[in-house]
Amino acid sequence: MLSNGVSGLLAFQQALSTVSHNISNANTAGYSRQNVNLVTNPADPTAAGWIGNGVAVAGVNRSYDTFLSSQTRTATSSYNQLNTASTLAGSINNLFGSTTSGLSATLQGFSTAIQTLTTAPGQTANRQAVLNQAQTLINQFQGYEGNLGQLDGQVNTQLGSEASTISSLASNIASLNQQIQAAKARSQGPPNDLLDQRDNLIDQLSQHIGISTVAQSDGSVSVFIGNGQPLVIGTTAATLTAGPDQYGSGQQQIFMQTNSGNVDVTSSLSGGTVGGLLQFREQMLVPAHNALGQAAVTLTNLVNNQNAAGLDQTGAIGAALLAVGGPQVLPSGNNQGAATVSAVVSSLGGLTTSNYHLGYDGTSWTMTDAASGVVTPLTSSTSGATTTLTAAGLTLTVTGNAQAGDQFLVEPTSQAVQGLSLLTNDPTKIAAAAPLLTSATSTNAGNASIDAGSVPSTAAWVRGNYSLSFSSPTAYSVTDASGATVASGTYASGTPISFNGIQVTISGAPATGDSFAINDNASGTGDNRNALQLAGLLNQKVLNNGQSSLSDTINAYVGTVGLQTNQVQTGATAQQTVLNSAQSAQQSVSGVNLDEEAANMLKFEQAYQAAAQVIKASDTLFQSLLSAVAH
């Protein structure tokens with residue numbers, strides 16, 4: 001009886017200690033409620049039957065569910081990725097989506113200035129307004145690029161900070177693995193508080209990066225990231241660092257330190273803040289740089305080509321008005337060959353907002369989209385030591401010898417805005433006038449008519465006044481101002497007639513002796529025909545293989561940014577609900593309920609008092625027995 005009472009006293013004392021421990025840690029992060037496992041002591045056999053020997057504490061267990069903990073970590077990792085991406089995405093959406101200062105509004109302002117010029121092309125104020133608006137456009141583009149550059153720096157800085165935090169958490173987890181192994185060796189029971197501390201660190205780790213864990217028989221937990229890269233194995237933790245990529249493009253990558261050197265694991269990482277930063281950079285930030293660059297390259301080419309197709313206020317052929325940065329090709333730091341690659345934009349229709357990896361396998365070249373990995377069609381020709389490659393609106397020139405495995409990063413438009421500038425402040429340089437002035441002679445007897453004519457290539461244009469006359473309804477000749485014949489041929493209605501860099505089209509039925517004047521429009525200061533073409537540049541179908549205009553492409557891009565931002569913001573909100581649900585389920589198992597603990601304390605206190613009464617009763621009986629024997 002005394003033995004049973006003592007066993008109960010000791011057991012309920014431990015139960016009360018456990019309850020008080022739970023209450024003290026009710027607000028401790030990562031703490032799991034503990035329970036005393038009470039078991040019956042083995043009974044003794046007697047002739048009258050088995051006599052019990054009281055109670056014993058078999059162990060103190062954590063209220064812990066591995067599945068719920070894993071579910072919570074997965075939800076935590078997903079939420080932090082989407083929340084990080086959505087916060088950063090809002091910056092780009094606000095930058096480009098504004099109806100007053102956004103990309104579409106800025107381009108439209110430039111087009112409006114040219115449209116005003118068409119109403120009075122001879123007025124200097126109108127011409128100066130076009131140049132002023134062009135400079136405003138350039139400043140706006142470079143302001144956008146500056147903001148994107150700040151986001152680049154923010155992402156790089158955060159990746160470095162995240163790598164350091166992850167490494168620190170991994171080191172602490174490995175240290176706790178070691179303490180848990182040692183504690184298990186000293187005692188058969190699990191070191192609950194150490195296990196809680198380790199689980200709390202793993203929970204924190206899931207906020208920063210997606211992880212998977214594997215429990216080992218020695219009590220340690222192995223932690224893996226990415227595609228199974230070991231972050232923690234037993235008492236050993238890997239170290240993550242942030243550093244430049246192999247091309248030196250300015251983008252920080254995540255490297256894992258191994259015995260054989262640093263391994264770039266960036267492409268395999270997802271989840272947590274790191275996953276959000278990488279998702280934002282790949283899906284929004286890099287495309288934003290390139291979309292802005294594509295717009296700058298397209299606008300520059302359209303403006304310069306159209307200005308070169310007209311005559312400025314002095315009667316000279318229009319010169320280039322804008323300059324823009326060219327494509328950038330960066331060699332990998334791992335290249336073994338001596339090849340160099342340069343690139344120029346050769347086709348606006350094929351120009352995209354992607355970057356590309358150009359690789360050499362020892363025999364041929366391959367170009368793949370850097371984000372999607374999709375192979376891009378590539379044509380190749382070699383002349384001597386020079387190889388010319390054509391793909392994605394680019395012409396790439398390879399000089400020198402490449403070795404198998406050499407790689408290059410091709411950035412078609414990422415540097416375009418940095419080189420965007422206005423080449424002149426002289427308003428007379430705007431080529432508002434068309435180069436030719438055509439007319440039919442008033443005495444013509446036929447019903448043929450002539451179009452405005454064009455100069456497809458001003459470089460081949462022999463300037464002067466010309467006369468096109470018909471010696472018969474089917475035969476024509478072209479003479480210059482001196483009467484010399486410069487071209488002749490058989491006439492077919494609607495078929496272009498070309499000579500000295502000029503192209504005109506006559507339609508209808510001319511009569512013998514009919515003639516047409518094709519004159520140099522050098523004195524046409526009031527002519528607005530080329531200005532009208534400049535005003536319509538935003539709507540020319542030159543991108544996406546002639547399917548989209550610059551205006552179409554910009555509007556589609558701004559819409560895409562808005563859609564992407566909405567998707568990640570909606571996803572973050574939805575994932576927050578999932579996380580809250582997972583945390584509630586986990587806390588229902590592991591959390592400390594103070595009402596429940598108060599009830600347990602009362603129960604164990606009463607049991608403790610009852611056990612004490614058993615001891616007191618046994619003492620009374622023993623004293624009575626001694627007294628009876630003494631007498």
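Put simply, of Thr353, Thr387 the only residue that is modelled with pLDDT under 95 and in a strand (DSSP E or B) is Thr387. In region 278-290, which residues are more than 8 Å from the chain's Cα centre (by Cα) and among the hydrophobic types (A, V, I, L, M, F, W, C)? Ala288, the sole residue that qualifies.
Looking only at residues in region 314-341 that are within 13 Å of Gln415 (Cβ to Cβ) and surrounded by fewer than 18 Cβ atoms within 10 Å (Cβ to Cβ), which one is modelled with the highest pLDDT? Restricting to residues being within 13 Å of Gln415 (Cβ to Cβ) and surrounded by fewer than 18 Cβ atoms within 10 Å (Cβ to Cβ), the top hit is Ala323.
Give the residues of region 35-78 that are in contact with a helix residue (DSSP H, G or I) (Cβ under 9 Å, 6 or more places away or on another chain) and without any contact (Cβ under 8 Å) to a residue 60 or more places away in the chain, sorted by residue number. Scanning region 35-78 gives Asn35, Val36, Leu38, Asn41, Gly52, Asn53, Gly54, Val55, Ala56, Val57. Scanning region 515-561 for residues that are in contact with a helix residue (DSSP H, G or I) (Cβ under 9 Å, 6 or more places away or on another chain), charged (D, E, K, R) and outside any helix (DSSP H, G or I) returns a single hit, Lys541.
Could you tell me which residue of region 241-252 is nearest to Leu169 (Cα to Cα), considering only residues that are in a strand (DSSP E or B) and touching a residue at least 24 places away in the same chain (Cβ under 8 Å)? For region 241-252, the residue satisfying everything is Thr241. Checking Asn37, Asn80 one by one, the residue that is assigned by TED's automatic domain parsing to the domain that holds Gln564, touching a Gly at 6+ places or on another chain (Cβ under 6 Å) and over 22 Å from Gln613 (Cβ atoms) is Asn80 and no other. Considering each residue of region 546-563 in turn, none proves to be surrounded by fewer than 18 Cβ atoms within 10 Å (Cβ to Cβ), farther than 30 Å from Tyr144 by Cβ and of a type in the set (A, V, I, L, M). May I ask you to verify whether Phe408 is at pLDDT 95 or above and within 30 Å of Thr376 (Cα to Cα)? Taking the combined requirement at face value, the residue satisfies it. For region 39-83, a residue qualifies if it is small (Gly, Ala, Ser), closer than 27 Å to Pro190 by Cα and in a helix (DSSP H, G or I), and the qualifying residues are Ser69, Ser70.
Among the residues of region 388-435, those identified as over 32 Å from the mean Cα position of the chain (by Cα), surrounded by fewer than 24 Cβ atoms within 10 Å (Cβ to Cβ) and not hydroxyl-bearing (Ser, Thr, Tyr) are Gly400, Asn401, Leu423, Asn425, Asp426, Pro427, Lys429, Ala434. Give region 315-365 a look and list any residue that's touching a strand residue (DSSP E or B) at 6+ places or on another chain (Cβ under 9 Å), under 21 Å from Leu538 (Cα atoms) and aliphatic (A, V, I, L, M), or say none. Residues satisfying the conditions are Leu321, Leu322, Ala323, Val324, Val345, Leu348, Leu351.
Within the option set Thr438, Thr479, Thr490, being closer than 19 Å to Gly315 by Cα, hydroxyl-bearing (Ser, Thr, Tyr) and out of contact with any helix residue (DSSP H, G or I) (no Cβ under 7 Å at 6 or more places or on another chain) holds for one residue only, Thr438. With respect to (1) out of contact with any strand residue (DSSP E or B) (no Cβ under 7 Å at 6 or more places or on another chain); (2) at positive phi, the lone exception for Gly293 is condition (2). Every listed requirement among (1) in a loop (DSSP other than H, G, I, E, B); (2) among the hydrophobic types (A, V, I, L, M, F, W, C); (3) more than 20 Å from the chain's Cα centre (by Cα) is met by Ala371 save one, (3).
Yes/no per residue for (1) hydroxyl-bearing (Ser, Thr, Tyr); (2) over 30 Å from Leu285 (Cβ atoms); (3) crowded, with 18+ Cβ neighbours inside 10 Å; (4) touching a residue at least 60 places away in the same chain (Cβ under 8 Å):
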site	(1), (2), (3), (4)
Gly90	no, no, no, yes
Gly109	no, no, no, no
Gln128	no, yes, no, yes
Leu131	no, yes, yes, yes
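For region 113-121, indicate whether the set of residues that are crowded, with 20+ Cβ neighbours inside 10 Å and either under 20 Å from Ile554 (Cα atoms) or not assigned by TED's automatic domain parsing to the domain that holds Ala238 (or both) is non-empty. Yes, that holds for at least one residue.
Can you confirm whether Gln576 is within 30 Å of Phe96 (Cβ to Cβ), crowded, with 20+ Cβ neighbours inside 10 Å and not assigned by TED's automatic domain parsing to the domain that holds Gly349? No; evaluated as a whole, the condition is false for this residue.
In region 11-31, the residues that are closer than 24 Å to Ala611 by Cα form Cβ pairs under 6 Å with partners that are assigned to a loop (DSSP other than H, G, I, E, B), at six or more places apart or across chains, as follows: Asn22/Arg33; Asn22/Val592. Pairs linking a residue in region 196-224 that is assigned by TED's automatic domain parsing to the domain that holds Ile166 to a residue that is of a type in the set (D, E, K, R) and assigned to a strand (DSSP E or B), with Cβ atoms under 8 Å and 6 or more positions apart or on different chains, are Asp196/Arg62.
Kindly provide the set of residues from region 535-581 that are among the aliphatic types (A, V, I, L, M) and under 30 Å from Ala134 (Cα atoms), ordered by number. Result: Ala535, Leu537, Leu538, Val542, Leu543, Leu550, Ile554, Ala556, Val558, Val561, Leu563.
Residues in region 89-121 that are part of a loop (DSSP other than H, G, I, E, B) and modelled with pLDDT under 90: 5 in all. Please verify whether region 201-214 includes one or more residues that are in contact with a strand residue (DSSP E or B) (Cβ under 9 Å, 6 or more places away or on another chain), of a type outside the set (D, E, K, R), in a loop (DSSP other than H, G, I, E, B) and under 15 Å from Asn172 (Cα atoms). Within region 201-214, none of the residues are in contact with a strand residue (DSSP E or B) (Cβ under 9 Å, 6 or more places away or on another chain), of a type outside the set (D, E, K, R), in a loop (DSSP other than H, G, I, E, B) and under 15 Å from Asn172 (Cα atoms). Would you confirm whether or not region 418-437 contains a residue that is farther than 27 Å from Asn539 by Cα and of a type outside the set (Val, Ile, Thr)? Within region 418-437, not a single residue is farther than 27 Å from Asn539 by Cα and of a type outside the set (Val, Ile, Thr). Among the residues of region 351-384, write down those that are within 17 Å of Ser414 (Cβ to Cβ), of a type outside the set (S, T, N, Q) and touching a residue at least 24 places away in the same chain (Cβ under 8 Å). Leu351, Tyr356, His357, Leu358, Met367, Ala370, Ala371 - these are the residues of region 351-384 that are within 17 Å of Ser414 (Cβ to Cβ), of a type outside the set (S, T, N, Q) and touching a residue at least 24 places away in the same chain (Cβ under 8 Å).
The values are calculated or read from the model by the stated rules, or taken from the named source; none is laboratory data. The structure presented is a predicted model; accordingly, all values stated were derived computationally and were not measured. All Cβ positions, even for glycine, are placed from backbone atoms using ideal geometry, and neighbour counts span all protein chains on display.
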